[in-house]
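In what follows, a structure is listed as structure tokens, so that the remarks can point back to it.
The values are calculated or read from the model by the stated rules, or taken from the named source; none is laboratory data. Source: prediction; values computed, not measured. Every residue, glycine as well, gets a Cβ built from its backbone with ideal geometry; the counts of neighbours run over all protein chains shown.
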Amino acid sequence: YGEIEEMNICDNLGEHLVGNIYVKFRYEKDAERAVKDLNNRWFSEKPIYAELSPVTDFKEASCRQYELGECHRSGFCNFMHIKQISPDLKKRLRDRRSRRSSRSRSRSRERRNANANNGNNNMNNNRRR
């Protein structure tokens with residue numbers, strides 16, 4: 001749907017947080033499109049209920065004690081217990097991101113070179129449009 005800035009999966013058992021996933025998109029229009037599309041989908045034979053959230057800072061909604069391994073309310077805490085991703089997945093995501101950004105850098109270099117070589121043609125084409 002668009003570029004994701006942050007994704008949090010709750011590890012809570014309490015009714016209001018169990019199974020919740022929070023995704024922060026870079027652009028609001030992408031979040032709106034995701035909500036619209038996901039509300040027409042199912043997962044594990046259950047409907048997905050997506051909605052926009054007013055929360056923009058997930059750190060404020062997460063349980064500090066859980067992060068320190070000290071939450072005594074277990075999965076029934078009212079603050080988000082955010083699942084941690086494995087080191088292997090972090091590495092794969094980092095590698096994927098670096099490959100994507102290096103490809104985009106080489107593409108921009110190619111575009112700059114092409115524009116430098118064809119600058120006059122591009123200007124003429126733009127004026128005619």
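Before moving on, here are some points about what is shown:
- Filter result (surrounded by 10 or more Cβ atoms within 10 Å (Cβ to Cβ), under 21 Å from the mean Cα position of the chain (by Cα) and of a type outside the set (A, V, I, L, M, F, W, C)) within segment 78-89: His81, Lys83, Gln84
- In this structure, Asn78 qualifies as modelled with pLDDT of 90 or more and not acidic (Asp, Glu).
- Neighbours by Cβ (under 6 Å, 6+ apart or cross-chain): first from segment 7-25, surrounded by fewer than 15 Cβ atoms within 10 Å (Cβ to Cβ); second of a type in the set (Val, Ile, Thr) and at pLDDT 90 or above: Met7/Val23; Ile21/Ile9
- Residues that are without any contact (Cβ under 8 Å) to a residue 24 or more places away in the chain and within 16 Å of His16 (Cβ to Cβ) within segment 67-87 comprise Arg73, Phe79, listed in sequence order.
- Which listed residue, of Asn122, Asn126, is modelled with pLDDT under 75, surrounded by 10 or more Cβ atoms within 10 Å (Cβ to Cβ) and either touching a helix residue (DSSP H, G or I) at 6+ places or on another chain (Cβ under 8 Å) or more than 23 Å from Glu5 (Cα to Cα) (or both): Asn122
- Complete set of residues in segment 66-77 that are more than 25 Å from the chain's Cα centre (by Cα) and either loosely packed, with under 14 Cβ neighbours inside 10 Å or not in a loop (DSSP other than H, G, I, E, B) (or both): Gly69, Glu70, His72, Ser74, Phe76
- Qualifying residue in segment 90-101 (condition: surrounded by 10 or more Cβ atoms within 10 Å (Cβ to Cβ), at pLDDT below 90, of a type in the set (A, V, I, L, M) and assigned to a loop (DSSP other than H, G, I, E, B)): no
- Condition met for Asn8 (at negative phi, polar (S, T, N, Q) and in a loop (DSSP other than H, G, I, E, B)): no
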